[in-house]
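Have a look at the structure below, then the notes.
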Amino acid sequence: MQHGERLAEQAKLLSEAPEYFLEMPTADLFAIGGEELEAIQLSLLQRRFQELRPRIALLDRLASEAGITQINDLSDLARLGLPHTVYKSYSAQDVEEGRYDRLTAWLDALTAFALSHIDVSECASLESWLRRIEEATPMRPISSSGTTGKISILPRGLPEDAAQLALLVRSFEPYRDEPGMDIRDGDVTLLMPWPADSGRQSYSYFIELLRRTVYAGQEHLVKTFAKGRVTADELSLASRLRRAEAMGEEIILSDAEKQIAHQVNERLRNMDAMTNAFIDEAIVGQRGKRVLIFSFLQKLHELAAICKERGIKAEWSPDSVIITAGGTKGFDFPDGWQETLREIFPYPIRDNYGMSETTSGGIGCSQGHFHPLPWGINMVLDPRTGEARPRKGRQTGRLLVYDLLATSFWPATLSGDLVTIDFDGGCACGREGPYTLATIARLEADQGGNDKISSAPMLEAFAKLGAFTSTLS
């Protein structure tokens, strides 16, 4: 079958079932580009909008305020993007007072799952509330802490698991002559330096997901710093403490919060011992073996620095691979950090880019660029006006991502990242389609950062949206 005929057949299958993306070989996924890719994405986006609008109150309200009844162009997403802070727009007072009925009403507006029937009267904490939601629905919320005093609660669910797993597997595997590793058989030792093996954070969820799917029956091959779960209660308390420290405030902890703080302090107190034990098992103990390490770049550097102090260097099989995430954004690495990494971990390192709100990610290539899987639509917006930049040439601005395989929530997210995307594609690595340059940075407040939208229509829409969500919590 010729390339054109093959592409037409794939486009037909995708129009009938977007999940066909997950069955396509990676080489085929990255062979779609240009007008063909945009046509497929627009058709699927139009379908998703019509399916999800009646089911998600927040999307329906936003579309009404923006005057959108149907999607005519990918640029329409600029008026339908949700700032990532919407997932922490609940009332902090409701959390403090244990008003989980009001929190449920707030979350109900963000998800395609019906929550109003769930009895949360016995819930005594954020974690117990989220677990009650999980018992009653396919929702599997992901959380992250911050400095605002509140955690984010992203209403992802089991429907996103297949795409999330596909992103992980495909971001690890090789492409053409690039280094990588196929873990589908679950027989490769996977090192994930993290202080827990389950929890609310996305990375913890990745560990759980890999263990119950690819590594089912071989869970011992996935090695972390320690066992245990990081709960929403821990993340929430950490966020409150960070805010109090930043504001110079003093907070009074309840007895329950003191217990949580004790558990966190115990974990932190044991961190050095856990890290050194991980080094003994995963670095020294795997000498000569083929391994894949998946780590945040910051954590990998911390490991390298400790190994250097101990006079240890990784001596795995030569075909071992290191996959990182997070890049250098938001962290000040010391002088010579790259040399330290190469000295301690003399293996190919590929950096990927991603966020919890999308399963399409950004797979790093040999040219240092990031390529989203084709079920992800990436857009560049003017940081000040919120208007969509043209989808041609190289454009710099605020990143908006949309996940065509997400059905648990409206997956159009306005990030806080300043990116440059080459919409013409043609990367020398061989992948078709748009790609993001590695010059990713956080937006400053005067550039539209901190989720400041300056476009008059969007400002009004979001103001009304904020008022709407406040009535639901």
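The values are calculated or read from the model by the stated rules, or taken from the named source; none is laboratory data. Quick caveat: nothing in here was measured; it's all calculated off a predicted structure. No Cβ is skipped: glycine too gets one built from the backbone with ideal geometry, and neighbour counts run over all protein chains shown. Surface areas here come from the heavy atoms of the whole protein model, side chains and all, with no ligands, DNA or RNA. Shrake-Rupley method; radii C 1.70, N 1.55, O 1.52, S 1.80 Å.
Here are the numbers:
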quantity: Kirkwood Rh in Å, taken over region 291-426 so that all alpha-carbon pairs contribute; calculated: 16.8
quantity: Mean-position separation - Cα centroids, region 103-158 and region 8-39, in angstrom; calculated: 33
quantity: For residue 441, residues with placed amide H under 5 Å, excluding near neighbours; calculated: 418
quantity: Stretch gain in nm, segment residue 208-residue 6, where the contour uses 0.36 nm per residue and the Cα spacing is subtracted; calculated: 69.1 nm
quantity: Linear extension gain, residue 335 paired with residue 64, 0.36 nm per residue minus alpha-carbon span; calculated: 92.4 nm
quantity: Within region 266-364: Cβ-based charge dipole about Cα centre, in debye rounded to nearest 20 (Lys, Arg +1; Asp, Glu -1); calculated: 240
quantity: Packing-based ranking, highest mean first, of 336-348, 364-376 given that Cβ atoms within 10 Å are counted; calculated: 364-376, 336-348
quantity: Residue list for region 239-276, given a label point 7 angstrom along the Cα-to-Cβ vector of residue 128 and an amide N cut-off under 14 Å; calculated: 255-257, 260
quantity: Region 90-225: relative contact order in percent, alpha carbon pairs under 8 Å with at least 6 residues between; calculated: 16
quantity: Heavy atoms of residue 225: accessible area, 1.4 Å probe, square angstrom to 10; calculated: 20
quantity: Neighbourhood net charge (11 Å Cβ-Cβ; Lys/Arg +1, Asp/Glu -1) for residue 163; calculated: -2
quantity: Long-range amide H partners of residue 325 with built H, under 5 Å; calculated: 295, 296, 297, 352
quantity: If the convex hull is drawn through the Cα atoms of region 243-354, its volume per residue in Å³; calculated: 149
quantity: Relative contact order (percent, whole number), region 40-94, Cα cutoff 8 Å, 6+ residue spacing; calculated: 34
quantity: Relative contact order, percent, region 1-112 [alpha-carbon distance under 8 Å, six or more residues apart]; calculated: 24
quantity: Positive dipole terminus of the chain, leading residue within 381, 411, 441 (C-beta point charges); calculated: 441
quantity: Dipole magnitude (debye, nearest 20) for the chain, charges at Cβ of Lys, Arg, Asp, Glu; calculated: 260
quantity: Cα-based Rg / Dmax (Å) for the chain; calculated: 22.3, 69
